[in-house]
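Heads up: the structure comes next, in structure tokens.
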Amino acid sequence: MPFLKKYSLDFPIERSSHFVPTPKGGGIAFVISSLLLFYLKKDITFFVCLPLALIGLLDDILNIPKNIRFLLHCITSALILFLSNYFENIIAWDNLIIVLLTLLGLIFLCVSIINFSNFFDGLDGLLASSMLPIFLSASILVSQNYLILIGCLFAFLIFNWSPSKLFMGDIGSTFLGSIYLIAIFKTDSISNAIGLYLISAPIQLDCISCLLRRLYNSQNIFEAHKSHLYQRLNQAGWSHSKVAKIYSLSIFILSLGFFIFGLRSFIISIPFLILMGIYLEKKFACKF
């Protein structure tokens, strides 16, 4: 903490949702504890996330150019896909064009998951609390090794819950996104992979809808902004903790529904989420 206070302070700017300088880079705890466990378990897959985490730490301290970070996102996504069992199944298909399009589409999806995780680290406790049910689901579907992240997130929330004394920074948000990505590709079936992805629908839908609306309004999608629904709810007067509870509880309910009813649960829950988002947008949120 003293090091982060000295070298990695997040000073409030116009689009910030905090008002006092706050140390960032606390996500380094996720990286160290997780990689140590996975090293002891001799699972090298997770080490492909290390360069991304290091760039995130450097960005928290020095502000690395966006194109370098994006390149690392693409490389990390490609490596995670390459090391997965799904890669071997895909390249075994007969049609080369379909294989290439599928791989490019999956890499695009992977990069979006990492970036959406980063985009969602905008309010106190929001991303950390939202990732708790996600990694709890991963510990059931994939491996109990993910329990280490649940412990880290609970401990981190003590400092990150509103009013936050510590931010996870890019090192934390991008690392969590990439580890989530690995969990999806480590599932033992397509249905479990889809289910683990759709559990995070509140995050994905918020980010996708915001991106599409910015494109529709001819806004630069690569510029930082405060246009996400969760940000506009906060701007409308909702507390950080209230918004975090809404999103994390929604993800928990989606997770519970998936384990009880399987993929069928999303047939009802995803349209309901969209309607709830529209209701929150019209009734409470600041104008887009």
### Message
Taking the criterion of being among the hydrophobic types (A, V, I, L, M, F, W, C) and in contact with a Cys (Cβ under 6 Å, 6 or more places away or on another chain), would at least one residue in region 224-236 satisfy it?
### Response
yes
### Query
Restricting to region 104-121, what's the tally of residues that are hydrophobic (A, V, I, L, M, F, W, C) and either open to solvent by less than 30 Å² (accessible area, probe 1.4 Å) or in a loop (DSSP other than H, G, I, E, B) (or both)?
6
### Query
Among the residues of region 57-81, which ones are modelled with pLDDT under 90 and not polar (S, T, N, Q)?
Leu57, Leu58, Asp59, Asp60, Ile61, Leu62, Ile64, Pro65, Lys66
#### Entry: Test result for Leu101, surrounded by 22 or more Cβ atoms within 10 Å (Cβ to Cβ) and either in contact with a Leu (Cβ under 9 Å, 6 or more places away or on another chain) or modelled with pLDDT of 95 or more (or both)
no
### Message
I want to confirm something. Restricting to region 135-150 and keeping residues that are free of Cβ contacts under 8 Å to residues at least 60 places away in the same chain and not in a loop (DSSP other than H, G, I, E, B), which single residue is most open to solvent (accessible area, probe 1.4 Å)?
### Response
Gln144
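Consider Leu127 carefully, then state whether it is modelled with pLDDT of 95 or more, open to solvent by less than 40 Å² (accessible area, probe 1.4 Å) and within 21 Å of Leu83 (Cα to Cα).
So Leu127 fails the test.
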### Message
Would you confirm, using the coordinates I've provided, whether Ser130 is touching a residue at least 60 places away in the same chain (Cβ under 8 Å) and among the hydroxyl-bearing types (Ser, Thr, Tyr)?
### Response
yes
### Query
outside any helix (DSSP H, G or I) and acidic (Asp, Glu): does that describe Asp124?
yes
### Query
Taking Lys5, is it open to solvent by 20 Å² or more (accessible area, probe 1.4 Å), at pLDDT below 65, of a type outside the set (A, V, I, L, M, F, W, C) and in contact with a strand residue (DSSP E or B) (Cβ under 7 Å, 6 or more places away or on another chain)?
yes
### Query
Which of the residues that make up region 18-31 are assigned to a helix (DSSP H, G or I) and open to solvent by 60 Å² or more (accessible area, probe 1.4 Å)?
Ile28
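Please pick out the residue among Ala224, Ala236 that is at pLDDT below 95 and over 25 Å from Leu198 (Cβ atoms).
Ala224
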### Message
Tell me whether region 144-165 contains one or more residues that are over 14 Å from the mean Cα position of the chain (by Cα) and more than 23 Å from Lys245 (Cα to Cα).
### Response
yes
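The values are calculated or read from the model by the stated rules, or taken from the named source; none is laboratory data. Source: prediction; values computed, not measured. Neighbour counts run over all protein chains shown; Cβ positions are idealised from the backbone, glycine included. Ligands, DNA and RNA are stripped out before the accessible areas are found, and what is left, the full protein with its side chains, is counted by its heavy atoms. Shrake-Rupley method; radii C 1.70, N 1.55, O 1.52, S 1.80 Å.
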